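**Q** Please see the structure below; I have some questions.
The values are calculated or read from the model by the stated rules, or taken from the named source; none is laboratory data. Because the structure is predicted, anything quoted here is derived from the model rather than measured. As a convention, Cβ positions derive from the backbone with ideal geometry for all residues, glycine included, and neighbour counts pool all protein chains shown.
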Amino acid sequence: MGIGLDAMTALSPTSDTRAGEVLRLRREISRMQRRRSDHALLPLDPAFAALLPDEGLQTGTSYTVSPSPALVLALLSAASGRGHWCAVIGMPTLGVEAAAAYGIDLSRLILVPDPGDRWLAATSALAEVVPLLVAQPSTRARDADVSRLSARLRDRGATLLVAEEPGAGRWAQSEGSIRLHDPDWHGLGEGWGLLSECTVTVTARTRHSPRATSVRVLLPGGQGAVETAATELTALPTLSPPMADAAATAPSELLYWAEAG
């Protein structure tokens, strides 16, 4: 994956030639230097369309998200499908096969799985050229460093998703949060079966829309990607035969009484 493999090598904390490799990474970044994004929004999968006010991620800002590889891949999928480069920093459990199942273009995906305490430097460098980034912090960032990174995001028109646990504190200057909760796996019976899909609730809040908005989705669905969960309908109780006959011939008042009773 070209730059992706170089990035993983250059930012590895175990390298003895780190300085030279970082310079090589910078040369790669200069080679693929892009202009500032003119897009106000990055698209989201239709299953997430109702989450955010403008149905997309604002560029030049950051969001706090749950550190779930499935949620991260689902949030990247639509932008990747439109040809945007994506980068994931500090998530070693995120797999390329799962990324491909979500429709992510692997040739435009940069993985830096283990940057160690250099995760912020890696994120800042990649923000120069990548419009959509995910970073899972391994250390707490200072407010001054977050401010500098936020300025770079605004300057380049990039969007950062910060994968943090809910108890880690709110990322400074965040536009909002996107959280996953209430997972419900399907496929297992009483001592048999295979996990096939998982229904979850995804809830978003933003600075401009502090009221929470939630959607229920399959993550993953049966095909390995995000899908809108079917609405569960509550069945009416079955009428006994005499009541059913009466309901079929009675006026609407009796029908209402039979269903409500």
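**Q** Go through region 114-140 and report how many residues are closer than 13 Å to W85 by Cβ and either touching a residue at least 60 places away in the same chain (Cβ under 8 Å) or part of a strand (DSSP E or B) (or both).
**A** The total comes to 7.
**Q** Take the residues of region 115-159 that are among the hydroxyl-bearing types (S, T, Y) and within 24 Å of I104 (Cβ to Cβ): which is modelled with the lowest pLDDT?
**A** S138
**Q** Here's a follow-up. Got at least one residue in region 93-107 being part of a loop (DSSP other than H, G, I, E, B), over 20 Å from P46 (Cβ atoms) and among the acidic types (D, E)?
**A** no
**Q** Is one or more of the residues making up region 22-32 outside any helix (DSSP H, G or I) and either under 19 Å from the mean Cα position of the chain (by Cα) or modelled with pLDDT under 95 (or both)?
**A** Within region 22-32 (the criterion being outside any helix (DSSP H, G or I) and either under 19 Å from the mean Cα position of the chain (by Cα) or modelled with pLDDT under 95 (or both)), the answer is yes, since at least one residue qualifies.
**Q** Sticking with this one: What number of residues within region 160-187 are assigned to a strand (DSSP E or B), hydrophobic (A, V, I, L, M, F, W, C) and modelled with pLDDT under 90?
**A** Count: 1.
**Q** Would you point out the residue of region 82-113, among those that are charged (D, E, K, R) and either in contact (Cβ under 8 Å) with a residue 24 or more places away in the chain or at positive phi (or both), that is surrounded by the fewest Cβ atoms within 10 Å (Cβ to Cβ)?
**A** The selected residue is R82.
**Q** Related question: Across region 43-85, what is the total count of residues that are part of a strand (DSSP E or B) and within 12 Å of the chain's Cα centre (by Cα)?
**A** 6
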